[in-house]
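Everything on this sheet refers to the single structure shown next.
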Amino acid sequence: MAKSTRKPTGPPKSAKRTARPAPPASSVSHGRIKVRAIKLGFYDNARRREGDVFMINGPKEFSEKWMEYVDKSLANKITTSKAALAQRQADLRGQGHATEMEGARPGATSQVDEDIIG
């Protein structure tokens, strides 16, 4: 039988993982830790969007990739999918993608539409 020439992937077995930073005392309350999502993530069977503040059950559940520790006095904040969609639409309208032009007939979304409707 021939030996496999396949090279192992990933870090070498001797490489040690870096330790997760310990949460500051100001984030810990009754063994739970308050964190904020710094980008989109998934925790406790729910999508956590950027800016959401919530509790995790311990330092092993902390992810440096998308969480940061916050003060335990900060209020919890969860963004629902409906609220996220409404915010995205408002952001688009604020950047010049308004759904209706000022003074135009209802339903007109551009000068071309106003010319056709009018």
| request: State which residue pairs qualify: first residue on the phi < 0 side of the Ramachandran plot and inside segment 65-89, second residue of a type in the set (Asp, Glu) and part of a loop (DSSP other than H, G, I, E, B) in any location, beta carbons under 6 Å apart, and separation of 6 or more residues or different chains. | output: LYS77/ASP52; ILE78/ASP52; THR79/ASP52
| task | Report, by residue number, each residue of segment 67-97 that is within 11 Å of ARG36 (Cα to Cα) and under 15 Å from the mean Cα position of the chain (by Cα). | result | MET67, GLU68, TYR69, ASN76, LYS77, ILE78
| request: Kindly provide the set of residues from segment 85-114 that are at pLDDT below 55, surrounded by 12 or more Cβ atoms within 10 Å (Cβ to Cβ) and not polar (S, T, N, Q), ordered by number. | output: ALA98, GLU100, MET101, ALA104, ALA108, ASP113, GLU114
| Residue list for segment 69-84, restricted to those being of a type outside the set (Gly, Ala, Ser), surrounded by 11 or more Cβ atoms within 10 Å (Cβ to Cβ) and not in a loop (DSSP other than H, G, I, E, B) | TYR69, LYS77
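The values are calculated or read from the model by the stated rules, or taken from the named source; none is laboratory data. Nothing here was measured: the structure is a model prediction, and the numbers come from that model. All Cβ positions, glycine included, derive from the backbone under ideal geometry; neighbour counts span all protein chains shown.
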